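For reference, the structure discussed in these notes is given below.
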Amino acid sequence: MRKKIVAGNWKMNTLPAEGVELAKGVAAGRSEVCSCVNFIVCPPFTHLSQVIETLKGTDIAVGAQDCATEAKGAYTGEVAASMIAALGCEYVILGHSERRQYYGETSETLNKKMAQAYANGLKPIYCVGESLDERKAGKHFDVCKQQIEEVVFNLTEEQFADLVIAYEPVWAIGTGETATAEQAQEIHAYIREVLASKFGAAAAECPILYGGSCKPSNAAEIFAKEDVDGGLIGGAALKAEDFLAIGKGF
Ligand code: PEP
């Protein structure tokens, strides 16, 4: 049985006090959602600690939105995976399209970040997905395959067992445009096939999340698909009520 996951990517939103309130709201309503759903929240670095403290004693996990390529040293402004892990984070989002697009992250960068994450016991939520032009050109399968082959294929079997994949078509992120449930299933099944070509039966256990304007009104239809194991949620994760309602989509 694959894990069902609803992960919230808060991006560069919420001041510390607002983040704590949001986390309290999620914790307050958590019992209304099946305990079979694993919730993860990913606040900005500045209030990871406070959110972790707020969620102590709940089953809601916390993740960071990125980590450095290096272990430590003279890298002004960077945050090491060891620092994130020391706070009590369990997950780290890596390869989000906004990082690939605005900060030039490549497979080379991401291989280093993945290594840092695993070396410090963090479970990566590795994002893949195509742009609108790539989708229009029918290249979406190849793009996702390449993003997986160049990074995920370098993992050991043991590391792969802790990996979560998020398929996030760039054209659907923050745009209000959502992939149809059929489009999501088609590419999730393909991603699983690619993973199976390297990791065999273990691919059947890897959670693959859908991300891109996922909201309470469309979550159930998307999550009903066989190879969709939950969502990576941006905008709708900023309201506890909506985030929890997405969890009810299972
Ligand atoms: C995201 O950035 O991970 C995301 C899915 O954003 P949104 O839900 O706002 O489209």
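The values are calculated or read from the model by the stated rules, or taken from the named source; none is laboratory data. The structure presented is a predicted model; accordingly, all values stated were derived computationally and were not measured. Cβ placement follows ideal geometry from the backbone for every residue including glycine, while neighbour counts extend to all protein chains displayed. The accessibility values were calculated without ligands, DNA or RNA, using every heavy atom of the protein model including side chains. Shrake-Rupley method; radii C 1.70, N 1.55, O 1.52, S 1.80 Å.
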Cα lying deepest toward the dipole's positive end in the chain, options Ala17, Cys42, Val151, charges on Cβ: Ala17
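For the chain, just say rounded, prolate or oblate: build the C-alpha gyration tensor, square-root its eigenvalues into a ≥ b ≥ c, call rounded for a/c under 1.5, and beyond that prolate if a/b exceeds b/c, oblate if not.
The shape class here is rounded.
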5 angstrom amide H check on Asn38, placed H, neighbours 5+ away: Lys4, Ile5, Val6
Expected 222 nm ellipticity per residue - DSSP helices of 4 or more, -39500 (n - 2.57), all of the chain, to 500: -11500 deg cm²/dmol
Under 22 Å from Lys136, Cα to Cα: lysines that are on another chain or at least 8 residues apart: Lys145
Residue-span extension gain [Glu53 to Phe153] - 0.36 nm each, minus C-alpha spacing: 32.5 nm
Cross-link reach list, aspartates and glutamates versus Lys113, counting only Cα pairs under 20 Å and skipping chain neighbours closer than eight places: Asp66, Glu70, Glu78, Glu90, Glu98, Glu105, Glu149, Glu150, Glu157, Glu158, Asp162, Glu168
Dipole magnitude of the chain about its Cα centre (Cβ charges: Lys, Arg +1; Asp, Glu -1), debye to nearest 20: 320
Cα-based Rg of the range 25-150 normalised by 2.2 N^0.38 Å, two decimals: 1.18
Cross-link table Lys11/Lys123; Lys4/Lys72; Lys112/Lys239; Lys139/Lys239; Lys139/Lys248; Lys24/Lys215, entries beyond 25 Å C-alpha to C-alpha: Lys4/Lys72; Lys112/Lys239; Lys139/Lys239; Lys139/Lys248
Accessible carbon and sulfur surface of the chain relative to its total accessible area, %, 1.4 Å: 51
